[in-house]
Each structure stands twice: as C-alpha cells, then as structure tokens.
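Peer 1: A single structure is presented below for examination.
The values are calculated or read from the model by the stated rules, or taken from the named source; none is laboratory data. The structure presented is a predicted model; accordingly, all values stated were derived computationally and were not measured. Methodologically, a virtual Cβ is constructed for each residue, glycine included, from the backbone with ideal geometry; neighbour enumeration extends over all protein chains shown.
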Amino acid sequence: GRRDGLRVFARWMASAGRDALARADFLAPAPMHWTRLAVRSFNQAAWLAQELSRSAGKPWKPGALVRVKRRKSQAGLSASERRRNVGGAIKASARFEGKIIVVVDDVFTTGATLEACARALRKAGAAEVHGLTLARVVRPTDITL
C-alpha cells in the first residue's frame, strides 16, 4: 500500500467533518479482520484515521473496534447483502461509556460497515457515534440531471 495523498485526504476529511471532530473524544478506524490484514499488510481506514488524528488534533484508538468474524468482501454485494454480511462481525474492544466517537473508513457505499461499527460502539456505551469517510459511492439513481 502507498501512503501518497494521506495528508491531503485527511485535511479534506477534517474540513468536511469539523463539527463532529470538534466534539469527538477519539477516532476509531473501521476494522479489518486479522487474516485480511495479514494478506494486505495495511488497513487503509487505519491509515486515514491516524493521519486525520494528526490533522484534527484528536486521539485515535486503532483497536477500539475489532472484526471478530471473517466475512467475504463487501465488493459487489447489494445493500441488504452487505448488512447481512457484516452483521455480528464487528465488536467494540472495551467499554466507551459516554464517549463521542468518530468512525473513520475509506469508502461509504451503503453504510452497512458504519452502521455495524456504530451499533457495536453504542452497545459499548458510546453516547454518540459519527461516521467520516473519504469517498462515497454514487449510483446512477442518486443523480438527477
């Protein structure tokens, strides 16, 4: 994996998410299962969260969320398939009672991953969970010309 552009991407994300970041206690990257991480050797969400932490002046907790079940890649799955695929796969690593947390991921497609992360963090006591992604997939049906 290459880290080119991370600083610029983090600045974009800091600008777009400034209100949530101002209130956040910490940033948590969307987790990757350890077997996938071993193959890839990097988690792009963690790279973004680390750089965003520097840019926004907020701490990040790389292990706050853990992917406890290995599931197939979300690529090519429908929204309902994505929700089923990620269901029960993500857990919080500790109690985060009353904390305001920003979950960082690279791409928002259907929101299934962010929803699973938010569900896990709320179950662990988080007061608020916000999602911040670098990009969003836009489907042709989302565009009106």
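Peer 1: Looking at (1) modelled with pLDDT of 95 or more; (2) crowded, with 17+ Cβ neighbours inside 10 Å; (3) under 21 Å from ALA135 (Cα atoms), which one does TRP47 not meet, given that it meets all the others?
Peer 2: Against the list (1) modelled with pLDDT of 95 or more; (2) crowded, with 17+ Cβ neighbours inside 10 Å; (3) under 21 Å from ALA135 (Cα atoms), TRP47 comes up short only on (1).
Peer 1: Scan (1) at pLDDT 95 or above; (2) farther than 28 Å from VAL8 by Cβ; (3) of a type in the set (Lys, Arg) for the single condition ARG84 breaks and write down its number.
Peer 2: Result: ARG84 fails condition (1) only.
Peer 1: Another question about this same structure. Tally up the residues in the range 50-81 that are part of a loop (DSSP other than H, G, I, E, B) and either modelled with pLDDT of 75 or more or in contact with a Phe, Trp or Tyr (Cβ under 6 Å, 6 or more places away or on another chain) (or both), please. Outline the logic, then answer.
Peer 2: Keep residues of the range 50-81 that are part of a loop (DSSP other than H, G, I, E, B), which gives 57-59, 61-64, 68-78.
Narrowing the set further to residues that are either modelled with pLDDT of 75 or more or in contact with a Phe, Trp or Tyr (Cβ under 6 Å, 6 or more places away or on another chain) (or both) leaves 57-59, 61-64, 68.
Of the residues in that region, 8 qualify.
Peer 1: Condition test on ARG95, is it of a type in the set (Lys, Arg), modelled with pLDDT under 95 and surrounded by fewer than 17 Cβ atoms within 10 Å (Cβ to Cβ)?
Peer 2: Taking the combined requirement at face value, the residue does not satisfy it.
Peer 1: For the range 9-44, what are the residues that are outside any helix (DSSP H, G or I), touching a strand residue (DSSP E or B) at 6+ places or on another chain (Cβ under 8 Å) and modelled with pLDDT under 90?
Peer 2: Within the range 9-44, MET32, HIS33, ASN43 meet the criteria.
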